[in-house]
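The values are calculated or read from the model by the stated rules, or taken from the named source; none is laboratory data. Owing to the predicted nature of the structure, the values given are computational and were not obtained by experimental measurement. Neighbour counts are summed over all protein chains in view; Cβ atoms, including those assigned to glycine, are modelled from backbone coordinates with ideal geometry.
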Ligand code: MUC
Ligand code: MG
């Protein structure tokens, strides 16, 4: 017999939003001028709703999922499998989807966040409470300097320090020669001095040989950490680099869920984990990546796929429950966009991001902004990312 007391998943709507960035964001593999987010709204049988986001970087240049593929995977495979199921067991939904859909971690993340959000709202608690409770009210937050020009990056860094918005900077390198990149990092570190921590992200652009030269130069320049210098599958190279230099080596693209986390730990292939909710496959899987990193005694860093305020809020709920995030976070995604899609923006001040308070993931959408940025309402965009 139909149990009317059980809340069911009734409907899953997906939409693609294209939001311009405040400046070109120059990464080793692409320059972003627009960020494309996949937003999910899950409607439940009791009238409640949950919202989620699945976002990648630079179209298909960063990883194997594109925004269009994320939407299609949800519409075609994930949503039909979940409609009519019990809404209150997020774990049951995660297990079912893992059985039916291989890979597609970002698509899974978008739906999973919406399920947690809905559950939190129905129970009147935050997602952080569903994960055992927050231990932080705010977290340190880095900014990425990636204008493609050293002078512009230095001016941006000074402004961020003066306005007390950021004093941790991640520099995107790997597009120029190693020598030019090291000189660029050294100039910026010299310009900010002890007022800021300088780190770099190579986004897999270097060979092992490049990385040996690069890490030596970066270390001498006062750079504290290098993120994913070589391709994700080069665990032996990552292990050599981690043990061969004082500068911390962080795994990012190498970490696609808990199994990768275990493999990276077993190979001694990183000093630090960049924990990304979307890359992990959702909040639950990201919590498992965190547990593995913590158990192995690695440093942890709250990473981003440059999500809007929606995905950022979800990540904050989880990172708020994480005891030691010794390298802070980089959850600045909404600040890179020209416009805000939340009814109430996430607060950034005193070099920190504040954990949104309230039920579920703690934020709601601004319907007018959603209507404006939706790709399917007829606004045309140029390429999502290019050279
Ligand atoms: C990445 O690879 O870490 C995070 C911050 C940023 O600027 O780009 C991302 C992606
Ligand atoms: Mg990275």
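Report, by residue number, each residue of region 174-186 that is under 16 Å from residue 247 (Cα atoms) and either touching a strand residue (DSSP E or B) at 6+ places or on another chain (Cβ under 6 Å) or surrounded by fewer than 20 Cβ atoms within 10 Å (Cβ to Cβ) (or both).
Passing the criteria: 185, 186.
Consider residue 203 carefully, then state whether it is touching a helix residue (DSSP H, G or I) at 6+ places or on another chain (Cβ under 8 Å) and either outside the structural domain of residue 112 (by TED's automatic domain parsing) or under 18 Å from residue 329 (Cα atoms) (or both).
no
Given the options 175, 189, name the one that is within 21 Å of residue 228 (Cβ to Cβ) and within 16 Å of ligand 2 (Cβ to nearest atom).
Among 175, 189, only 175 is within 21 Å of residue 228 (Cβ to Cβ) and within 16 Å of ligand 2 (Cβ to nearest atom).
How about region 252-278: which of its residues are part of a helix (DSSP H, G or I), in contact with a helix residue (DSSP H, G or I) (Cβ under 8 Å, 6 or more places away or on another chain) and more than 23 Å from residue 90 (Cα to Cα)?
262, 263, 264, 265
Could you identify the single residue in 103, 84, 63 that is outside the structural domain of residue 320 (by TED's automatic domain parsing), over 18 Å from the mean Cα position of the chain (by Cα) and part of a loop (DSSP other than H, G, I, E, B)?
Working: 103 fails: over 18 Å from the mean Cα position of the chain (by Cα); 63 fails: over 18 Å from the mean Cα position of the chain (by Cα).
It is 84.
Among the residues of region 187-234, which ones are part of a loop (DSSP other than H, G, I, E, B), surrounded by fewer than 24 Cβ atoms within 10 Å (Cβ to Cβ) and touching a strand residue (DSSP E or B) at 6+ places or on another chain (Cβ under 6 Å)?
Listed by number, the residues that qualify are 196, 224.
Across region 338-354, what is the total count of residues that are touching a residue at least 12 places away in the same chain (Cβ under 8 Å), surrounded by fewer than 22 Cβ atoms within 10 Å (Cβ to Cβ) and in contact with a strand residue (DSSP E or B) (Cβ under 7 Å, 6 or more places away or on another chain)?
Going through region 338-354 one residue at a time, the tally reaches 8.
Kindly indicate whether residue 325 is in contact with a helix residue (DSSP H, G or I) (Cβ under 9 Å, 6 or more places away or on another chain) and modelled with pLDDT of 95 or more.
yes
Among the listed residues 294, 317, identify the single one that is surrounded by fewer than 22 Cβ atoms within 10 Å (Cβ to Cβ) and either closer than 13 Å to residue 141 by Cα or at pLDDT 95 or above (or both).
Residue meeting the stated conditions: 294.
Can you tell me which of 158, 166 is more than 15 Å from residue 27 (Cα to Cα), outside the structural domain of residue 28 (by TED's automatic domain parsing) and either within 16 Å of ligand 2 (Cβ to nearest atom) or not in a helix (DSSP H, G or I) (or both)?
The match here is 166.
Which one is nearest to the chain's Cα centre (by Cα), of the residues in region 326-337 that are outside any helix (DSSP H, G or I), within 16 Å of ligand 2 (Cβ to nearest atom) and surrounded by fewer than 24 Cβ atoms within 10 Å (Cβ to Cβ)?
332
Got at least one residue in region 114-124 being closer than 22 Å to residue 326 by Cα and part of a loop (DSSP other than H, G, I, E, B)?
no
Against the conditions (1) surrounded by fewer than 18 Cβ atoms within 10 Å (Cβ to Cβ); (2) in contact with a strand residue (DSSP E or B) (Cβ under 8 Å, 6 or more places away or on another chain); (3) assigned by TED's automatic domain parsing to the domain that holds residue 256; (4) within 27 Å of residue 203 (Cβ to Cβ), where does residue 375 fall short? Just the number, please.
(3)
Within the group 261, 251, 274, 270, which residue is within 18 Å of residue 294 (Cβ to Cβ), away from ligand 2 (no atom under 15 Å from the Cβ) and crowded, with 24+ Cβ neighbours inside 10 Å?
Sole residue among the options that is within 18 Å of residue 294 (Cβ to Cβ), away from ligand 2 (no atom under 15 Å from the Cβ) and crowded, with 24+ Cβ neighbours inside 10 Å: 261.
I'd like the full set of residues that are touching a strand residue (DSSP E or B) at 6+ places or on another chain (Cβ under 6 Å) and part of a helix (DSSP H, G or I), limited to region 279-303.
286, 289, 290, 293
Of the numbered conditions (1) surrounded by 24 or more Cβ atoms within 10 Å (Cβ to Cβ); (2) within 16 Å of ligand 2 (Cβ to nearest atom), residue 300 fails exactly one; give the number of that condition.
(1)
Picking from 177, 207, 197, which residue would you name as being without any contact (Cβ under 8 Å) to a residue 24 or more places away in the chain and either within 16 Å of ligand 1 (Cβ to nearest atom) or under 18 Å from residue 250 (Cα atoms) (or both)?
207
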